[in-house]
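Down below is the structure, laid out as structure tokens.
Every number here is computed from the coordinates shown, using simple stated rules; none is lab data. If you're wondering where the values come from, they're calculated on a predicted model, not measured in any experiment. Quick reminder, even Gly has a Cβ in these numbers, built from the backbone with ideal geometry, and neighbours come from all protein chains shown.
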Amino acid sequence: MNYISVFDVIGPNMIGPSSSHTAGAVNIALMAYRLFQKPIAKAVFTLYGSFAQTGRGHGTDKALLGGIQGFATDDVRIRDSYALADAAGLSYRFIWDETTKTNHPNTVDIYLESPSGETQTIRGESVGGGKIRIVLINGIEVVFTGLYSTLIIKQADRPGVVAHVTQVLSRHGVNIAFMRLYRDYKGGTGYLIVESDENIPDYFLEEIRTNPLVHEIMLIQI
């Protein structure tokens, strides 16, 4: 049986009128900010479906711009996210795409670029009540929600990486709730996503990096 908590009924603490169009947008952008792990010089937001159609009235643009500056859903600075981005020298652009069909009506693509030219693109969906789902990283299909501590490992799609990672996690007593592997094509780039219902320590990440097939590690704590 699935139980509904009081937070599902009331919704999240937030600035703005809509848990889906405001709080969800903040959470998607905040996830992008946390995944990028680099200073952000440029951001491009492409909004689809309901996000594109009603986002201006619901403050979705302010929410997204606040999220990639590291603001949480209840941060009053979201109201001034444009001015704060301008003051910080952050370049940003919004594309309101009302014609392209996506799997979910509240969808946004976020392109981020660092001062040195490193880039990352994610696609997120706001699924209600401030909850989100990340479904693309750099064009590769993934699925995770941020409801669990999440370890995201970008790797070469070669044998041995999954075994290496699970051995390290086992040695350090990490209880795996979910583990999924995604790739663009056989032998290409893959993402190993490990979710745990407890905090995943970061002190052993260097141990994971010793495998030369591991390209990048991102850790999101709950």
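Observations, loosely collected:
- Cα-Cα over 24 Å, subset of K38/K186; K62/K131; K62/K154: K38/K186; K62/K154
- For the peptides 135-145, 188-198, the ranking by packing is 188-198, 135-145, with the highest mean count of neighbouring Cβ atoms within 10 Å listed first.
- Share of pairwise Cα separations in the chain, more than 28 Å, in percent: 31
- Protection-proxy order for peptides 36-43, 86-93, each taking the mean of Cβ atoms within 10 Å per residue, highest first: 36-43, 86-93
- With θ taken as phi - 60° and the Karplus curve 6.51 cos²θ - 1.76 cosθ + 1.60 applied, the whole-hertz 3J(HN,Hα) list for region 200-216 is 8, x, 9, 6, 9, 5, 4, 5, 5, 5, 5, 6, x, 7, 7, 9, 7 Hz, x standing for glycine and proline.
- Helix 49-58 axis, angle to the chain major axis (alpha carbon atoms, nearest 10°): 50
- Descending Cα extents along the principal axes, region 6-138, whole Å: 43, 32, 24
- Calculated from backbone phi, Karplus (6.51, -1.76, 1.60) coupling profile of region 25-42 in Hz, x at Gly/Pro: 5, 4, 5, 5, 5, 5, 5, 4, 4, 6, 6, 5, 6, 9, x, 10, 9, 9
- Principal axis analysis of the Cα atoms in region 135-213 yields extents of 32, 28, 15 Å, listed in decreasing size.
- Seen from T119, the other residues with C-beta closer than 11 Å to its C-beta sum to a net charge of 0, counting Lys and Arg as +1 and Asp and Glu as -1.
- Ranked packing of 169-180, 154-165, most packed first, by mean Cβ within 10 Å: 154-165, 169-180
- Between helix 161-171 and the chain there is an angle of about 80 degrees, using the helix long axis and the longest principal axis of the Cα atoms.
- Residue exposure sequence - H58, H215 - by fewest surrounding Cβ within 10 Å: H215, H58
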